Amino acid sequence: MLQTLPGVSKRLPLTVLGQHHLPKETPTTTLLQLVTTRDQKTRLFHARRNNEMIQALIAKSLGAKLKIVFTSTAQRHHSKFTRILMSRMDGIITTCSAANSYLKTPADIIIPHGIDLKKFTPPEDKQLAWNKLNLPGKFGIGIFGRVRPQKGHDLLIDAAITTFKENPDPTLVIVGETTPEHLPFQKQLEAKMNQAGLSDRIHFLGKQPTKRLPELFQAMSLVTALSRNEGFGLTILEAMASGAAVLASRAGAWPDIVTEDLHGRLVPTNDLTATTSALESLLKQDLLELGKNGRKHVERNYSVDTEAHRLVQYYQTHLPSN
């Protein structure tokens, strides 16, 4: 919501219910103000959580002239209570085909998330960007996100152990925090690496400052995302925008985004054999060309401004033409 605020507000008058985490210049309102406004204008209320649907329905029952739409991103079946709330919405949005498949009644429209294409950009020189990290190997394979089983780090490391024995060029870079409860998981992975004699080619960088992430994405020739389950998954878009080829599991929105052998490869979730085979195949391909294709794809379809534009177009279908 924060990402799309600028793009939406330049196309439609906008105000946000509440002030939590908002930029100071953002117009805000309260539930009381919404209910007591009597200018006869129809407003569109975009809810993203149950409590927001409830607030909108309360305001509408107390006289506010509202059209209410809800974005469903969950890749699971909704509770009965949520389904009741959704049945009272004027419209339903979802963000990807997988999330849409869990809805009893399909959403009106799929509007995928977008990213900031000025923040995530390809480097002028991929090799130079990699060399700046001062890591061994000729190029980098990255995985971004908290280190935990759900994200599939174990699949990538097992695949890398097999693949790296025959290929001395790549180095695996793991970017993300390991919380205390998942420290044993990381220790197990490190033990595997040490046993395989690859501890110098697989590096845990830990949690990194947000402002450093773009340069880390730029340095990677290949970015992997092997989650066993995922809500949407912006990592793949950030990687493609940064000129990296991608290897992704069929989770979240990734099957909607990635075209195989044009941007990278897709593999079934939790499938080590397929992951290893795909990694070996990708390392024989022109990763730079796949990365260039990915950047073009994101520019055409997945900018945050494109997301805002599609949202406004949908909003307008629910608002009076005057």
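Which ones in the range 189-247 are aromatic (Phe, Trp, Tyr) and within 13 Å of Phe144 (Cβ to Cβ)? Passing the criteria: Phe204, Phe217. Only one entry in Leu198, Leu216, Leu205 is crowded, with 18+ Cβ neighbours inside 10 Å, touching a residue at least 24 places away in the same chain (Cβ under 8 Å) and among the hydrophobic types (A, V, I, L, M, F, W, C), namely Leu216. For the range 48-63, indicate whether the set of residues that are over 24 Å from the mean Cα position of the chain (by Cα) and part of a loop (DSSP other than H, G, I, E, B) is non-empty. Within the range 48-63, one or more residues are over 24 Å from the mean Cα position of the chain (by Cα) and part of a loop (DSSP other than H, G, I, E, B). Output yes when any residue across the range 100-107 is outside any loop (DSSP other than H, G, I, E, B) and not aliphatic (A, V, I, L, M), and no when none is. Within the range 100-107, one or more residues are outside any loop (DSSP other than H, G, I, E, B) and not aliphatic (A, V, I, L, M).
Which residue, of Ile161, Ile141, Ile111, is hydrophobic (A, V, I, L, M, F, W, C) and surrounded by fewer than 21 Cβ atoms within 10 Å (Cβ to Cβ)? None of the others qualify; the one that does is Ile161. Those strands (runs of 3 or more DSSP E) of the range 180-253 in which at least 1 residues are among the aromatic types (Phe, Trp, Tyr), considering only elements entirely within it, cover 202-206.
Among the residues of the range 258-309, those that are among the acidic types (Asp, Glu) and either in a strand (DSSP E or B) or farther than 12 Å from Leu237 by Cβ (or both) comprise Glu260, Asp261, Asp271, Glu280, Asp286, Glu289, Asp305. For the residues Asp271, Asp256, the requirement of being closer than 28 Å to Pro6 by Cα and among the acidic types (Asp, Glu) singles out Asp256. Of all residue pairs spaced 6 or more apart or on separate chains, those with beta-carbon atoms under 6 Å, a first member in the range 1-27 that is in a loop (DSSP other than H, G, I, E, B) and a second member that is exposed (fewer than 12 other Cβ atoms within 10 Å of the Cβ) are Thr15/Pro27. For the range 92-106, state whether one or more residues are crowded, with 19+ Cβ neighbours inside 10 Å and over 20 Å from Ala248 (Cβ atoms). Yes.
Please verify whether Val8 is surrounded by 14 or more Cβ atoms within 10 Å (Cβ to Cβ) and in contact with a Gly (Cβ under 6 Å, 6 or more places away or on another chain), treating the condition exactly as stated.
No, not satisfied.
Values quoted throughout were computed directly from the atomic coordinates according to the rules given, and no laboratory measurement underlies them. Note that the coordinates shown come from a computational prediction; the quantities given were computed from them, not determined experimentally. All Cβ positions, even for glycine, are placed from backbone atoms using ideal geometry, and neighbour counts span all protein chains on display.
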